[in-house]
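Trainee: Could you have a look at this structure, given as structure tokens, before my questions?
The values are calculated or read from the model by the stated rules, or taken from the named source; none is laboratory data. Note that the coordinates shown come from a computational prediction; the quantities given were computed from them, not determined experimentally. Note: ideal-geometry Cβ built from the backbone for every residue, glycine included; neighbour counts use all protein chains shown.
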Amino acid sequence: MLVAREVLRLALSCGSDRSSISNSCGIDTKTVDKYLRRVSDAGLSYADIEALCDSELIKILKSKKGRKREKLFLEPDFQYIHAELKRKGVTRQLLWEEYILQNPGGYRRTQFCHLYQEWKKRLNPSMRQNHKAGEKMFVDYSGQTVGITDPKIGKTKQAEIFVAVLGASNYTFANASLSQNMSDWIDSHVKAFAYFKGVTAIIVPDNLKSGVNKACRYDPELNREYREMAVHYGTAVIPTRVRAPKDKAKAENGVLVVQRWILAVLRNRTFFSLNELNQAILELLIRLNSRPFKKLSGSRQSLFETVDKPALLPLPQTSYSYAEWKTTKVGMDYHVDLKEHFYSVPYQHIDQRVEMRFTRNTVEIFFNNKRIASHRRDDTPRESTTQKAHMPISHQQYLEWTPTKILVRSQEIGESVFNVVKRIFDDRPHSAQAIKATVGIIRLAKRFSEQRLQAACQKALEIDGCTYQSIQSILKTGLDSQDIQPAKIAEPIYHGNIRGGDYFLTNENNKSGDFIC
């Protein structure tokens, strides 16, 4: 365009002839004639040409002789083109072809794209990015908090403000939570998807610790809980680069908009609950998303309805249930600990490291990404939840012993065994305390025979030694096969130096008068 403007300056302002202009500008005389003829057909003076921008001058220099300018170059609807390019699969080539079908004398493709780019530069910088419909949701925390006052004690807590913005339409969502921890972070995402009534293909957060374990320019490591939420919704999480706010300019702008049009409006209000604050935010979100654009027609709401909403992925049929993960080691009692409550796993995994996935209602245990146990959650401290199938066979058999079964089995062995077992149950304050000892006594029959156990229990009854240790000792030493000798009574000893008890009963020897016995 510099050459064309120089040609017109030399001809119209300086009065140079076509040959000198051709030599000066390095172009042939036919091109000089064409430029001058197009300007003459348009009826423009050099002062008019100086006031034209390059795109307007191009229209004139490329116009054909004998046709009116306004009919040859019908201006494309750049706002329509800008909105259509946000839709999936829509390209500039397709839009130009549609334009040229309606306007056969219109711009060629190159000029069509050039003029669109020039128009696009005049928009707000936040609109320059070419975000596809339904593709990205930018998320971040506001940084500015809102106080929530406890009406009972008057203490104020600061609520964090989560902001989510859709890339194509700038449709905005905000939600207050008591913290930025993992559960609140994921819960805000769930509420955002519910508000949008759909899911974007990509979530773009920054490197917040609640979402990213390890930041990396090329392959960041996501938290397992965050990744699990993304899998449930069928979306992908692509964090921004570290210290690169331009990567999430939509979120940065969304945060600014929320601070100006929502948080600033609520600055003088006092809130007494989180629900009350979120209800106030929701009402202002409706007003924010309905505000008309300054440089575009419509609003965030109208653009969302026509562009983003049809392209969003559908919500899953089941609602997402937040789950946490914990890595732990299986104890020797084949149980794992979660907040002082113990859950069983198959005993084959004793001393192995497993992963626990727990929600409000369930606890699942995984080994090598395979689920090996599942329990209903129970937060009762110092208690255990045990499945019989997880126990060794011997432990399962032990659990089958009940007081009634023990008494019946002991009676089958013999009357003495039954009497020993019954005495143990009677002596213990709780039957559970006697089960282990009585089962041990009954199992001695497998080691020594039922006949010997019957005899050993008879001996134990005679010597009042009705304990497991006593009966086991009788069997080991073979006392069950020996007769018990009655204890011998010692003969009295008579000697002159032994006075006996009667000596102290006489008054003569008990001068103090005390009765001694």
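Trainee: Could you list, in sequence order, all residues of the range 75-100 that are among the acidic types (Asp, Glu) and within 20 Å of Glu135 (Cα to Cα)?
Mentor: Within the range 75-100, just Glu84 meets the criteria.
Trainee: Would you pick out the residues in the range 1-24 that are closer than 25 Å to Gln111 by Cβ and at pLDDT below 75?
Mentor: Met1, Leu2
Trainee: All but one of (1) among the β-branched types (Val, Ile, Thr); (2) within 28 Å of Ile435 (Cα to Cα); (3) touching a His at 6+ places or on another chain (Cβ under 7 Å) hold for Ile350; state the number of the condition that does not hold.
Mentor: (3)
Trainee: Could you tell me which numbered condition Lys157 fails, if it satisfies all but one of (1) over 23 Å from Pro310 (Cα atoms); (2) touching a helix residue (DSSP H, G or I) at 6+ places or on another chain (Cβ under 7 Å); (3) surrounded by 13 or more Cβ atoms within 10 Å (Cβ to Cβ)?
Mentor: (2)
Table: residues versus (1) in a strand (DSSP E or B); (2) in the same structural domain as Leu266 (by TED's automatic domain parsing); (3) at pLDDT below 90; (4) within 23 Å of Ala264 (Cβ to Cβ).
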residue: Gly143; (1), (2), (3), (4): no, yes, yes, yes
residue: Lys152; (1), (2), (3), (4): no, yes, yes, no
residue: Phe162; (1), (2), (3), (4): yes, yes, no, yes
residue: Ala168; (1), (2), (3), (4): no, yes, yes, no
residue: Ala176; (1), (2), (3), (4): yes, yes, no, yes
residue: Val190; (1), (2), (3), (4): no, yes, no, no
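Trainee: Tell me, yes or no, whether the range 200-209 has at least one residue that is modelled with pLDDT of 90 or more, more than 20 Å from Lys136 (Cβ to Cβ), surrounded by 19 or more Cβ atoms within 10 Å (Cβ to Cβ) and in the same structural domain as Leu303 (by TED's automatic domain parsing).
Mentor: Looking through the range 200-209, none of the residues is modelled with pLDDT of 90 or more, more than 20 Å from Lys136 (Cβ to Cβ), surrounded by 19 or more Cβ atoms within 10 Å (Cβ to Cβ) and in the same structural domain as Leu303 (by TED's automatic domain parsing).
Trainee: If you don't mind, there's one more thing I want to ask. Would the range 268-279 turn up any residue that is in a helix (DSSP H, G or I) and hydrophobic (A, V, I, L, M, F, W, C)?
Mentor: Scanning the range 268-279, I find at least one residue that is in a helix (DSSP H, G or I) and hydrophobic (A, V, I, L, M, F, W, C), so the answer is yes.
Trainee: With respect to the numbered conditions (1) over 30 Å from Glu364 (Cβ atoms); (2) assigned to a helix (DSSP H, G or I); (3) at pLDDT below 85, which one is the sole condition not fulfilled by Trp401?
Mentor: Of the numbered conditions (1) over 30 Å from Glu364 (Cβ atoms); (2) assigned to a helix (DSSP H, G or I); (3) at pLDDT below 85, the odd one out for Trp401 is (2).
Trainee: Filter the range 132-141 down to residues that are in a strand (DSSP E or B) and touching a Ser or Thr at 6+ places or on another chain (Cβ under 7 Å), then give me how many there are.
Mentor: Counting residues in the range 132-141 that are in a strand (DSSP E or B) and touching a Ser or Thr at 6+ places or on another chain (Cβ under 7 Å) gives 2.
Trainee: Scan the range 73-103 residue by residue and report those that are farther than 22 Å from Glu56 by Cα and more than 47 Å from the chain's Cα centre (by Cα).
Mentor: Leu101
Table: residues versus (1) closer than 20 Å to Gln279 by Cα; (2) hydrophobic (A, V, I, L, M, F, W, C); (3) surrounded by 23 or more Cβ atoms within 10 Å (Cβ to Cβ); (4) more than 26 Å from the chain's Cα centre (by Cα).
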position	(1), (2), (3), (4)
Arg109	no, no, no, yes
Cys113	no, yes, no, yes
Tyr116	no, no, no, yes
Phe138	no, yes, yes, no
Ile148	yes, yes, no, no
Ser179	yes, no, no, no
Met182	no, yes, no, no
Val190	yes, yes, no, no
